[in-house]
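A.B. asks: Have a look at the structure that comes next, please.
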Amino acid sequence: MKYNSILKLVLFGFICAFVASSCVKEGPMGPAGADGTNGTNGSDGRPGVDGKVSCLVCHSGTNMDSKQAEFAMSVHSAGAIAVDYAGARAACAQCHSHEGFTQYAVFNSVLGDITNPSAWECGTCHGLHKSFEGKDYALRLNAPVVSDADKKTVLDMKGNGNLCAVCHQTRTAEPNKAIPGETFKITNTHYGPHHGPQANVLAGVGFAEIPGDATYPAPNTAKHLTMEGGSCTGCHMAPFTKKSGGHSFKPNLDACNKCHNVNEANFNYGSVQTEVAKSLEELRDKLIALGVVEYSEADKAYEPVVGVYPMIQAQAYFNWIGLEEDRSLGVHNPKYVKALLQNTLKALE
C-alpha cells in the first residue's frame, strides 16, 4: 500500500511539470548575435574565405564568357586544322584532339584510336582543382616535360608554360643523334621536327648544334625563360588587350614592350626578325641548290627530297625546317637561333 502511494506521488509530479512547461509563453526575439569569425586553413592560421566568392573569381558568367570569346580567336579552337587530320590516330591524338590529350594527361599515354575526336575546349587544359585557391587553375599538366625526341632532355618552361611544352616540341631527334654517321637518309617528304617546336627553341635544346664560330647559349638560359613575365604564358596569355593575349594565345605586344621597357610597334625588336628571316631564306636557297629541298606544287610548300645525304646537309635541313616551324623568326630565343643559323650556313660553304 505504501509503495503504491509513492508511485502515485511520482507520477503526479511528472504530470505537474509537463503541464507547467506547456503553459510558459515565449517572449519577443532578442537581437541577432554577431557573426562568428572565419575559420582557419589548417595550421597556417590564415582566416578562411567565402568559398563561393573564391569560385566566382573564375566561374562568374562574365569571366567565362570573355575567356570563351578570346578562345574563339585561337587556332586551338579550329578543329579542322589538326583534329580532322590526325585527331583519331592513337599516335597523334595526344595533341590533335581533346579526347587524346585528356587521356594522355590521366594515363600518360593514349589508350588507342579515338572514335569521335573533337577540338580543344576548356576541359582539355583545365581538369579538377587541387587547392581551390585563386591561382589553382586546375591545369591538367604543368610539370617540366621530358622531350619525346630522346626521352631524357628536360624542357622546363618555368611554370604553367610547361602545359604548352607537352605538345609544342620537336618530337624528333636531330639526325646525328637519331642515327649517328657520315650520311643520313631522309625517308619521306614530311621528315623533320614536328610542327610547332617552340619549347625546344625557347629552352635552347634539340636542334643540330653544328660547331662553328657562334657560341650556343647554355640550355634554359633564354631571357624569355628567366625574366619575370617571360615564358609561354607571360607573352601569349598576358592580359587581353588589342585583340591579343589572354585565351586567344596570340602574343601580346604590350606585354613585350613592358618587359623590355621599350615602345616597339611590332615584334621586330632589335631587328631580330629581319635578320633571322634573311638567314632562313639564304639557308633554304642553299638547300635547294644542293638538291635537298624542292618546292611541291601539290602541297604548296617546300619539302625535303627523299634520299641519302651527307650528315651536315641533313642537319642543315633539320635546323631550317624546325626554325621555320617555330614561326617566331628568332623572337623566342634570339641568341640560340642566330647561332644555329650562322654555324649552319658556314658549314654548308
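A.B. asks: Name the residues in the range 99-126 that are over 22 Å from Met73 (Cα atoms), assigned to a loop (DSSP other than H, G, I, E, B) and either touching a Leu at 6+ places or on another chain (Cβ under 9 Å) or not small (Gly, Ala, Ser) (or both), would you?
C.D. replies: Asn108, Val110, Leu111, Asp113, Ile114, Thr115, Asn116
A.B. asks: Please verify whether the range 251-267 includes one or more residues that are farther than 30 Å from Cys122 by Cβ, assigned by TED's automatic domain parsing to the domain that holds Phe207 and among the β-branched types (Val, Ile, Thr).
C.D. replies: Within the range 251-267, none of the residues are farther than 30 Å from Cys122 by Cβ, assigned by TED's automatic domain parsing to the domain that holds Phe207 and among the β-branched types (Val, Ile, Thr).
A.B. asks: For the condition part of a loop (DSSP other than H, G, I, E, B) and more than 30 Å from Thr153 (Cα to Cα), what is the one hit in Pro219, Pro239?
C.D. replies: Pro239
A.B. asks: Based on what the data block shows, is Tyr191 part of a loop (DSSP other than H, G, I, E, B) and either out of contact with any Ser or Thr (no Cβ under 9 Å at 6 or more places or on another chain) or without any contact (Cβ under 8 Å) to a residue 12 or more places away in the chain (or both)?
C.D. replies: No.
A.B. asks: Could you identify the single residue in Lys258, Lys286 that is modelled with pLDDT of 95 or more and part of a helix (DSSP H, G or I)?
C.D. replies: Step by step, each of Lys258, Lys286 is checked, and only Lys286 is modelled with pLDDT of 95 or more and part of a helix (DSSP H, G or I).
A.B. asks: Taking the stated definitions as given, is Gly87 of a type outside the set (A, V, I, L, M, F, W, C), at pLDDT 70 or above and loosely packed, with under 10 Cβ neighbours inside 10 Å?
C.D. replies: For Gly87, the condition - of a type outside the set (A, V, I, L, M, F, W, C), at pLDDT 70 or above and loosely packed, with under 10 Cβ neighbours inside 10 Å - is not met.
A.B. asks: Here is a follow-up. Got a number for residues in the range 289-298 being out of contact with any strand residue (DSSP E or B) (no Cβ under 8 Å at 6 or more places or on another chain) and in contact (Cβ under 8 Å) with a residue 60 or more places away in the chain?
C.D. replies: Looking only at that region, the number is 0.
For every residue, the table says whether it meets (1) in contact with a strand residue (DSSP E or B) (Cβ under 6 Å, 6 or more places away or on another chain); (2) of a type in the set (Lys, Arg); (3) surrounded by fewer than 16 Cβ atoms within 10 Å (Cβ to Cβ).
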| site | (1), (2), (3) |
| --- | --- |
| Asn268 | no, no, no |
| Glu282 | no, no, yes |
| Leu287 | yes, no, no |
| Glu303 | yes, no, no |
| Gln315 | no, no, no |
| Ile321 | no, no, no |
| Leu341 | no, no, no |
| Lys346 | no, yes, yes |
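A.B. asks: Looking only at the range 170-183, how many residues end up being in contact with a strand residue (DSSP E or B) (Cβ under 6 Å, 6 or more places away or on another chain) and buried (at least 23 other Cβ atoms within 10 Å of the Cβ)?
C.D. replies: Residues flagged as in contact with a strand residue (DSSP E or B) (Cβ under 6 Å, 6 or more places away or on another chain) and buried (at least 23 other Cβ atoms within 10 Å of the Cβ) within the range 170-183 amount to 1.
A.B. asks: Tell me, please, whether a residue that is more than 30 Å from Phe240 (Cβ to Cβ) and among the charged types (D, E, K, R) can be found in the range 300-313.
C.D. replies: yes
A.B. asks: Tally time: how many residues in the range 159-179 are under 16 Å from Pro310 (Cα atoms), part of a loop (DSSP other than H, G, I, E, B) and in contact (Cβ under 8 Å) with a residue 40 or more places away in the chain?
C.D. replies: Adding up the residues that qualify gives 1.
A.B. asks: Can you tell me which of Gly229, Gly196, Gly234 is exposed (fewer than 15 other Cβ atoms within 10 Å of the Cβ) and modelled with pLDDT under 95?
C.D. replies: Exactly one of Gly229, Gly196, Gly234 is exposed (fewer than 15 other Cβ atoms within 10 Å of the Cβ) and modelled with pLDDT under 95, namely Gly229.
The values are calculated or read from the model by the stated rules, or taken from the named source; none is laboratory data. None of the values given here were measured: they were computed from a predicted structure. All Cβ positions, even for glycine, are placed from backbone atoms using ideal geometry, and neighbour counts span all protein chains on display.
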